[in-house]
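Have a look at the structure below, then the notes.
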């Protein structure tokens, strides 16, 4: 069973994603910030996938993805966003999987299973 960490500063969005993932057989957890996500990854080494919003205060999803890649290279990262400023990428391509918000649960499950 895949253990998934959902990271979103909007609690309603994160909690709904957690419920939907659990209803589809995933072991889902939630963090409401990038810093909290890193703490959860350290405390739960069996997390094997992270779905993170991009636009968050403090550490954004792109920064979180880079930190995860450096410390937890085996963890799959999926970035989700309804809006991203082009300046966030500094002209570079996104290295992580990406899903546009609002996303459908079947789209997210497909990415988690690839």
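Within segment 21-32, track down each residue that is touching a strand residue (DSSP E or B) at 6+ places or on another chain (Cβ under 6 Å) and surrounded by 14 or more Cβ atoms within 10 Å (Cβ to Cβ). Listed by number, the residues that qualify are 21, 26, 27, 28, 29, 30, 31.
From the list 74, 35, the lone residue that is modelled with pLDDT of 95 or more, surrounded by fewer than 19 Cβ atoms within 10 Å (Cβ to Cβ) and in a loop (DSSP other than H, G, I, E, B) is 74.
Taking segment 37-71 as the range and being more than 13 Å from the chain's Cα centre (by Cα), closer than 23 Å to residue 100 by Cα and in contact (Cβ under 8 Å) with a residue 40 or more places away in the chain as the test, only 57 passes. Scanning segment 1-22 for residues that are in contact (Cβ under 8 Å) with a residue 60 or more places away in the chain and more than 16 Å from residue 79 (Cα to Cα) gives 2, 20. Scanning segment 1-12 for residues that are buried (at least 17 other Cβ atoms within 10 Å of the Cβ) and over 14 Å from residue 47 (Cα atoms) yields 8, 9. Looking only at segment 23-32, residues that are without any contact (Cβ under 8 Å) to a residue 40 or more places away in the chain and in a loop (DSSP other than H, G, I, E, B) come to 2 in all.
The values are calculated or read from the model by the stated rules, or taken from the named source; none is laboratory data. Model, not experiment: these values are computed from the prediction. Backbone-built Cβ (ideal geometry, glycine too); neighbour counts: all protein chains shown.
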